[in-house]
Amino acid sequence: MRMMTALATVACLATPLLAEEQRPMITVTGEGAVEVAPDMATISLGVMVTGETAKAALDANSAALATVIGQLKASGIADKDIQTSNLSLGPVYDYSSSGGAQNVTGYSASNMVTVQVRDITSVGAVLDASVTDGANTLNGITFGLQEPAPHMDEARARAVAEARRKAELLATAAGTSLGPVISISESGSYMPPIPMAGMAFEKSDAVPVQAGQLAITAAVSVTYALGQ
């Protein structure tokens, strides 16, 4: 008797689950995008020098970079926004001799720093001042947002709205109605940085910089129940 009662209880519990699994459903994807002007830039710049000895090259490089960093700080860049990203020191070879022998003619020292510029309007001035004080290598600039979360949330909301629009369209075309949400998942959100190519450069009167627009995207997958 107890066994029959237990089986009956399991059957009662399973019935709603089976009904839910057999309920008509529709799954759609939605994408949302938001375009916003960047409000910060990340710059990779530095100094490359050569010397007759490794010590001479490194000393000259260190002195030049110290001046550049001092100018960056004078331009309003905080200590936390300046980070050493690459330091290298190595021989410079001359391959022009007969027989292809490698002759060391000196040493090259390179030191790069990554700089966060939080005032987007000062990027050109920061670059110009850095070059004036010794920076001779620019590996690139990328533009981004200091607070991306609100814009990403807006893109997500647009993605959900787009998913519902598609689901309602399909349900109507199929001659049925759209029911409640069964499940929802985010397929991904993306805010690609805007890059500018690296270059070696010399002092100029002005460094033109165009930040453009960032495209923030989000995608969701939503499953809806369909009316009977």
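Bear in mind these aren't lab numbers, they're just calculated from the coordinates by the rules spelled out. Values in this document were obtained by computation on a predicted structure and should not be read as measured data. All Cβ positions, even for glycine, are placed from backbone atoms using ideal geometry, and neighbour counts span all protein chains on display.
Modelled spin labels at Ile120 and Thr172, positioned 7 Å past Cα toward Cβ, are 3.7 nm from each other. With θ taken as phi - 60° and the Karplus curve 6.51 cos²θ - 1.76 cosθ + 1.60 applied, the whole-hertz 3J(HN,Hα) list for segment 108-125 is 10, 10, 10, 9, 10, 10, 9, 10, 9, 9, 8, 10, 4, 6, 9, 4, x, 5 Hz, x standing for glycine and proline.
For Leu89 and Ala157 in the same chain, what is the full-extension length gain: residue separation times 0.36 nm, less their Cα-Cα distance, in nm? Please report the intermediate quantities before stating the final value.
Values: separation 68, 0.36 × 68 = 24.48 nm, distance 5.02 nm.
The Leu89-Ala157 span can extend by a further 19.5 nm.
Normalise the Debye intensity by I(0) for segment 40-144, one equal point scatterer per Cα, no solvent, then take log10 at q = 0.18, 0.19 Å⁻¹ and round to two decimals. Normalising to I(0) and taking log10 leaves -0.80, -0.86. Shown in residue order for segment 144-152 are the 3J(HN,Hα) couplings computed by the Karplus curve 6.51 cos²θ - 1.76 cosθ + 1.60 at θ = phi - 60°: x, 10, 6, 10, x, 3, x, 6, 5 Hz (x for Gly and Pro).
Residues whose amide H lies under 5 Å from that of Ser85, counting only those 5 or more places away or on a different chain, are Met112, Val113, Thr114; hydrogens are built 1.01 Å from N in the peptide plane. Computed from phi, the 3J(HN,Hα) profile of segment 214-225 under the Karplus parametrisation 6.51, -1.76, 1.60 (θ = phi - 60°) reads 9, 9, 9, 10, 9, 9, 10, 10, 10, 10, 10, 7 Hz, with x in place of Gly and Pro.
Taking each residue as 0.36 nm, the span from Thr105 to Arg164 lengthens on full extension beyond its C-alpha to C-alpha distance by 14.4 nm.
Scoring 27-39, 83-95, 163-175 by mean Cβ neighbours within 10 Å over their residues and listing the highest first yields 27-39, 163-175, 83-95.
Any idea how far the Cα center of segment 139-184 sits from the one of segment 31-88, in Å? The distance from the Cα centre of segment 139-184 to that of segment 31-88 comes to 39 Å.
Contour minus end-to-end for Asp79 and Gln213, with contour as 0.36 nm per residue of separation and end-to-end as the Cα-Cα distance?
Values: separation 134, 0.36 × 134 = 48.24 nm, distance 2.77 nm.
Answer, rounded to one decimal: 45.5 nm.
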